[in-house]
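S.K.: For reference, the structure I am asking about is given below.
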Amino acid sequence: MTKIVNHWIGGKTAEGASGTYGPVTDPATGEVTTKVAFASVEEVDAAVAAAKDAFATWGQSSLAQRTSILFKFRALLDGHRDEIAALITAEHGKVHSDALGEVARGLEIVDLACGITVQLKGELSTQVATGVDVAAIRQPLGVVAGITPFNFPAMVPMWMFPLAIACGNTFVLKPSEKDPSAALKLAELLAEAGLPDGVLNVVHGDKVAVDRLLEHPDVKAVSFVGSTPIARYIHTTASAHGKRVQALGGAKNHMLVLPDADLDAAADAAVSAAYGSAGERCMAVSAVVAVGSIGDELVQKIRERAEKIKIGPGTDPTSEMGPLITKVHRDKVASYVTGAAEEGAEVVLDGTGYTVEGHEGGHWIGISLLDKVPTSAKAYQDEIFGPVLSVLRVDTYEDGVALINASPYGNGTAIFTRDGGAARRFQLEIEAGMVGVNVPIPVPVGYHSFGGWKDSLFGDHHIYGNDGTHFYTRGKVVTTRWPDPSDAPAGVDLGFPRNH
């Protein structure tokens, strides 16, 4: 019997009422294993109404109450790591170790939310004028929404809702319809931890649900992670409806390798950063920029390592890379490889014909490596979101920086070198929001914020860290004057001596 994933509204399961369902496949077999209910406008409205009702009390709740629940949630999350990872593998396809890593990264932000009391401390200036004090405080917004992608179905929601609810907001989550079960499990664990009904709601669906959240007058802010075209749409539409928006878009992350770099370390890093999670991550390195004469040796070292990657079902503990999320996406990724030679690239490894015995219906693709890729090639210009690595050649450090800065994307980038001066110049000159020095995937820890520049971010706030706290709260400044008690009106005795 096909599993059905329903909504979570007001602290309980809400069966889909629209009559519309979407298929969820097992990427390793290609079989439809689950149906997910798609929300109508009315169902989205019900979730927002539940969140609005809950905010009336949750927004006034004590920090102690909020953090107590989050600590219990963290313990439950820790105890259910394997279960959540198994849900991710079943619907996304990534190998179990990658899925466990995703849960661990989400836990970092839950840790941050558990310590929200420090982040929400205000400021006080006393005696700014005679008898006058000024205080700055931060307050929650109300109902906020999150729209999350398929590639990290547990981690990215946890980049959003733990901080939002710790700050006193209530939340409506619209996870990817391609792998919805992990998000639903998180909601159930929060309820078990004692979260009041309606503080976190989950609605599934497509553009109907998304557009309703963007325009709903009771939704005060929207967080989004996904592709650049959709991020731009989310930002434009939600902003037009008066909402605060953080919309993280796509990427084309470059790794600049200087002639003095440890080429073995650089090759190891390129392989793990390009092919980990089958390349389905916005921080994947998809372009290596080789400087000077090292290109041939670096490409050979990458090839030797890439050819050893074991591809198979995520449930197989020996698998190092799983399938892609859907057949449509698999075919799109393959098209960049099959068309690369025509555009002037040298195809070093072609993984487009790969399949797994006994799982022929799965969305399989092997490792692909393209060398001497021109910047005019689609394989370079587009975010492929699959296990395809392009190598570009430049003569100098300056040429490499110019090439990277010419990209419309500015999510993450890295430099591999032994020269501290070159690394320092790079981190200052490069136009990207996250920079790694001999670190291929510079995703910040939870107490620093994640976000790119240029077409990789729309909105003024990065996600989680201090930016996350600021995004989910708004500032208020209170100026106070109290008369000195010794100046109390005649006949009122406060026990203070009279000044006159």
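S.K.: Using a 1.4 angstrom probe on the protein heavy atoms only, line up Tyr336, Tyr447 by accessible area, largest first.
M.R.: The ordering from most to least exposed comes out as Tyr447, Tyr336.
S.K.: Greater than 31 Å separation of Cα atoms is the criterion. Which listed pairs, Lys308/Lys332; Lys174/Lys301; Lys243/Lys327; Lys174/Lys332; Lys94/Lys220; Lys35/Lys454, meet it?
M.R.: Pairs exceeding the cut-off: Lys174/Lys301; Lys243/Lys327; Lys94/Lys220; Lys35/Lys454.
S.K.: Can I ask one more? Helix-only estimate, please: 222 nm mean residue ellipticity of the chain, summing -39500 (n - 2.57) across DSSP H runs of length 4 or more and dividing by its residues, to the nearest 500.
M.R.: Only helices count here, giving -11000 deg cm²/dmol.
S.K.: Please report the antiparallel percentage of the DSSP beta bridges confined to region 318-444, to the nearest 5.
M.R.: Just about 30 percent of them are antiparallel.
S.K.: Quick one: which of 372-385, 408-421, 118-131 comes out on top by average Cβ neighbours within 10 Å, and what's the full order, highest first? Mind showing how you got there, number by number?
M.R.: Values: 372-385: 18.0, 408-421: 21.3, 118-131: 11.6.
So the order, starting with the most tightly packed, is 408-421, 372-385, 118-131.
S.K.: Please report the equivalent ellipsoid semi-axes of region 315-471, computed as sqrt(5 x eigenvalue) of the Cα gyration tensor, largest first, in whole Å. Please list the in-between numbers first.
M.R.: Working: eigenvalues 183, 100, 46 Å².
So the equivalent ellipsoid measures 30, 22, 15 Å along its semi-axes.
S.K.: Now, a different point. Kindly sort Val144, Val210, Val32 by accessible area of their heavy atoms, largest first, with the probe set to 1.4 Å.
M.R.: Val32, Val210, Val144
S.K.: For the chain, give the percent of accessible area contributed by carbon and sulfur heavy atoms, probe 1.4 Å, rounded to a whole number.
M.R.: In the chain, the share of accessible area belonging to carbon and sulfur is 53 percent.
S.K.: Quick check for you: with a 1.4 Å probe and neighbouring chains kept, what is the accessible area per residue of region 379-483, in Å²? Walk me through the numbers before you get to the answer.
M.R.: Working: 4770 Å² over 105 residues.
Roughly 45 Å² per residue, with all protein chains present.
S.K.: OK, next. Could you report region 175-311's accessible area per residue, 1.4 Å probe, as an integer in Å²? List each step's numbers first, then the result.
M.R.: On the way: 4240 Å² over 137 residues.
Here the residues of region 175-311 average 31 Å² of exposed surface.
S.K.: Need one word for region 293-371: rounded, prolate or oblate. Basis is the Cα gyration tensor (sqrt eigenvalues a ≥ b ≥ c); a/c below 1.5 gives rounded, then a/b vs b/c decides.
M.R.: oblate
S.K.: Additional query: Taking the full set of protein chains and a 1.4 angstrom probe, give the accessible area of Arg393 in square angstrom, rounded to the nearest 10.
M.R.: Ignoring ligands and nucleic acids, Arg393 comes out at about 80 Å².
S.K.: Over region 89-169, give the accessible area per residue in Å² for a 1.4 Å probe, as an integer.
M.R.: About 31 Å² of surface per residue is accessible.
S.K.: Would you check the accessible area of Thr236, probe 1.4 Å, heavy atoms only, in square angstrom rounded to 10?
M.R.: 90 Å²
S.K.: Turning to a different aspect of this structure: For Glu192 and Tyr447, what is the calculated FRET efficiency with R₀ set at 30 Å and r taken between the beta-carbons, to the nearest 0.05? Could the numbers behind the result be given before it?
M.R.: Details: r = 27 Å, r/R0 = 0.89.
About 0.65, to the nearest 0.05.
S.K.: With all protein chains present, calculate the accessible area of Ser272 using a 1.4 Å probe and round the result to the nearest 10 Å².
M.R.: Using a 1.4 Å probe on the heavy atoms, I get roughly 60 Å².
S.K.: How large is ³J(HN,Hα) for each residue in region 135-147, as worked out from phi by the Karplus curve 6.51 cos²θ - 1.76 cosθ + 1.60 (θ = phi - 60°), to whole Hz, x for Gly and Pro?
M.R.: Result, rounded to whole Hz: 10, 10, 10, 10, 10, x, 8, x, 8, 10, 10, x, 10.
S.K.: How much length would be gained if the chain were fully extended between Thr338 and Trp482, taking 0.36 nm per residue of separation minus their Cα-Cα distance, in nm to one decimal?
M.R.: That works out to 44.3 nm of additional length.
S.K.: Hey, another quick one. Using the structure shown, list the pairs from Lys252/Lys372; Lys12/Lys207; Lys252/Lys310 with a Cα-Cα distance above 22 Å, or answer none.
M.R.: Values: Lys252/Lys372 17 Å; Lys12/Lys207 24 Å; Lys252/Lys310 25 Å.
Beyond 22 Å: Lys12/Lys207; Lys252/Lys310.
S.K.: Taking 0.36 nm per intervening residue step and subtracting the Cα-Cα distance, what contour gain separates Thr355 from Asp382 on full extension?
M.R.: 7.2 nm
S.K.: Can I ask one more? With each label point set 7 Å from Cα along the Cα-Cβ vector, what nm distance links Leu428 and Ala265?
M.R.: According to this spin-label approximation, the distance is 2.3 nm.
S.K.: Where does each of Arg81, Arg474 land when they are ordered by accessible area, with a 1.4 Å probe and the largest first? Don't skip to the end; give the middle numbers.
M.R.: On the way: Arg81 70, Arg474 130 Å².
Per-residue accessible area, sorted high to low, gives Arg474, Arg81.
The values are calculated or read from the model by the stated rules, or taken from the named source; none is laboratory data. If you're wondering where the values come from, they're calculated on a predicted model, not measured in any experiment. Reconstructed Cβ throughout: ideal geometry from the backbone, glycine too, with neighbour counts over all protein chains shown. These area figures cover heavy atoms from the full protein model, side chains too; ligands, DNA and RNA do not enter into them. Shrake-Rupley method; radii C 1.70, N 1.55, O 1.52, S 1.80 Å.
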